[in-house]
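The values are calculated or read from the model by the stated rules, or taken from the named source; none is laboratory data. Keep in mind that this is a model prediction, so the values were computed, not measured. For neighbour counting, all protein chains shown are included, and Cβ atoms are generated from backbone atoms with ideal geometry for every residue, glycine included. Only protein heavy atoms, including side chains, enter the accessible area calculation; ligands, DNA and RNA are left aside. Shrake-Rupley method; radii C 1.70, N 1.55, O 1.52, S 1.80 Å.
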Amino acid sequence: MTTPLPQPTGQMPDTSIYERRESAVRSYARSMPRQFNRAEGVWMHDNKGGRYLDFLSGCSTLNYGHNHPVLKQALLDYIAADGITHGLDLHTDAKAEFLRTLEDVILKPRGLDYRAMFTGPTGTNAVEAAIKLARKVTGRELVIAFTNGFHGMTLGALACTGNAAKRGGAGVPLSHVAHEPYDGYYGPDVDTADLLERRLSDPSSGLDAPAAILVETVQGEGGLNAASPEWLRKIATIAKRHGALLIVDDIQAGCGRTGHFFSFEGMGVTPDIVTLAKSLSGMGLPFALTLFRPEIDQWAPGEHNGTFRGNNHAFVTATAALRHFWSDGQFLADIRRRGTMLERRLDAIAGQYGLTTRGRGMMRGIDMGSGEIAASVTAACFERGLIIETSGAHDEIVKVLAPLVIDDAVFSAGLDILEECIRAALTVTYGVAAE
Ligand SMILES: *Cc1c(COP(=O)(O)O)cnc(C)c1O
């Protein structure tokens, strides 16, 4: 059997309606100026008959690929039976099934005892709820977040986000957050967890006692920096010692992306609060969740509210995804194999050109040294029918976020395209390609 390959036509659609009527805020559409109309599995199709291999997966929202047949069927059946679509936060069959499945398939086998709070359906809302709760429970204001952290675009979450361009959109001061250096920020010889401990234990450091320490175990938007288990354990210990809650933002790194359901599994920490969104619904439906220890569930009824809390269609697809992919160890074995495959391929490419790699599991990338070179790589990939994006402070990391379900041969073919485009970009930049 021959491996299916991307088949872009190179034909541009008429984009005048977007230029006329869509806000200038649109972004991905600019670097991928096509009009998409269909997608299945790892493939996206445009309205000119082009076929694209998706190495972006909606920024890790489509870990199970586009329109997975099992999830799609569950949703079609639910809609056909006039299942509840919107029910505020009322009890519904779909919600009960989701909570039971979360308990049986995810929480219990991992020895985790969390309550689930259905926030508004986007990741940023799960983060808002998490930091609000931490402030309420501790009676403190300060949240410690990290350099290169990304936590969302609403004001509370944006205050926790590092990126200056994103912060600039706020229009008001972003306050009550301290951005401390992430693992490795000052290079391999400086332990930034020790620095944080020193500052928090010095009554004259100027750093207030924090309500929470908010961290990504792998910084999805901030350059795929991966925290070491030792560093994360120190951060957890520091949080506990100083009376702060540990929040792991698992919106991008969770749902299998790192080779575990939660990215912190196997690292020896149990966060007080965890945020999930992106791939949680499994099908790209908006759905976010804030999980926390039952003891800190100190919300008054309706204190954090929202019309779209608990998207019943997403309950249905999320339940189907948890049952289908997480009930046994097969999927985990597959994503770990693919994660190792990705690591080897990227290490080989990086080694050949004197570049470095970043990340963990199926969330890895190559540091191209500059945003300009990285952009030329992703643009060349797109011309070849490979959808791939950048990450990092200077958009210098080309990041591979393939669907976790990708067939090994297709994955390999996509990585071939990436390698060829990297070679071509470096040849243009430096005149010669390394051998
Ligand atoms: C995407 C993301 C968010 C924000 O989620 P939205 O759905 O875009 O609001 C927050 N944290 C992390 C780590 C993310 O990757």
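What is the magnitude of the charge dipole of the chain about its Cα centre, with +1 placed on the Cβ of each Lys and Arg, -1 on the Cβ of each Asp and Glu, and no other charges, expressed in debye to the nearest 20?
Value, rounded to 20: 420 debye.
Where in the chain are the DSSP H helices whose C-alpha atoms run 30 Å or more along the long axis and whose mean Kyte hydropathy is at least -1.0?
Span-like helices in the chain: 330-353, 408-430.
Hey, can you grab everything whose amide H is under 5 Å from the amide H of residue 87? Only 5+ residues off in sequence or another chain; H modelled, so Pro and N-termini drop out.
Long-range HN contacts for residue 87: 312.
Only bridges with both residues in the stretch 70-326 count here: give the DSSP antiparallel percent, nearest 5.
Details: 9 of 22 bridges.
Of all bridge pairs located within the stretch 70-326, approximately 40 percent are antiparallel.
How high is the relative contact order of the chain, in percent, with contacts defined as C-alpha pairs under 8 Å that are six or more residues apart?
22
What are the residues whose amide H is under 5 Å from the amide H of residue 177, where those residues sit 5 or more places off or on another chain and H is modelled from the backbone?
Long-range HN contacts for residue 177: 143.
Probe radius 1.4 Å, ligands and nucleic acids left out: which of 28, 430, 353 has the largest accessible area, and how do the rest follow?
Heavy-atom accessible area, descending, gives 430, 28, 353.
Please calculate the 1.4 Å probe accessible area of residue 378, with all protein chains present, and give it to the nearest 10 Å².
20
Accessible area of residue 296, 1.4 Å probe, to the nearest 10 Å²?
Probe radius 1.4 Å; accessible area of residue 296 about 10 Å².
Under the rule of at least 5 residues apart or a separate chain, name every residue whose amide H is placed under 5 Å from the amide H of residue 7.
Those lying under 5 Å, H to H, from residue 7 are 51, 52.
To the nearest 20 debye, what charge dipole does the stretch 363-416 have about its Cα centre, counting +1 at the Cβ of each Lys and Arg and -1 at the Cβ of each Asp and Glu?
Values: 3 positive and 9 negative charges, 14 e Å.
Computed about the Cα centre, the dipole is about 60 debye.
Any chance you could look up the accessible area of residue 204 with a 1.4 Å probe, heavy atoms only, rounded to 10 Å²?
That residue has around 100 Å² of solvent-accessible surface.
Write out the trypsin sites (Lys or Arg not before Pro) in the stretch 32-71 meeting two conditions: DSSP loop, and at most 16 other Cβ atoms within 10 Å of their Cβ.
Here the sparse-neighbourhood loop sites are 48.
Ignoring ligands, DNA and RNA, please state the percent of accessible area on the stretch 70-326 from carbon and sulfur, probe 1.4 Å.
53
If I take R0 = 41 Å and measure r between the Cβ atoms of residue 36 and residue 204 in this structure, what FRET efficiency does the formula 1/(1 + (r/R0)^6) give, to the nearest 0.05?
0.15
Just subtract the alpha-carbon distance of residue 324 and residue 85 from 0.36 nm times their residue separation and send over the number in nm, one decimal.
83.8 nm
Exactly which GluC sites (Glu not before Pro) in the stretch 276-356 are in a DSSP loop and have at most 11 other Cβ atoms within 10 Å? Numbers along the way, then the final one.
Values: sites: 295, 303, 343; in loops: 303.
Taking the stretch 276-356 and a limit of 11 other Cβ atoms within 10 Å, the loop GluC sites (Glu not before Pro) found are 303.
Starting from the Kirkwood Rh over alpha-carbon pairs, what translational D in µm² s⁻¹ does the stretch 70-326 have by Stokes-Einstein at 20 °C and 1.002 mPa s?
Working: Rh = 18.7 Å.
My calculation gives 114 µm²/s for D.
Roughly speaking, what is the centre-to-centre gap between the stretch 136-206 and the stretch 338-402 when only Cα atoms are used, to the nearest Å?
27
Ignoring ligands, DNA and RNA, what accessible area per residue does the chain give at 1.4 Å, in Å²?
I get 43 Å² per residue for the chain.
Determine, from the Cβ-Cβ distance of residue 300 and residue 155 and an R0 of 35 Å, the FRET efficiency 1/(1 + (r/R0)^6), rounded to the nearest 0.05.
0.95
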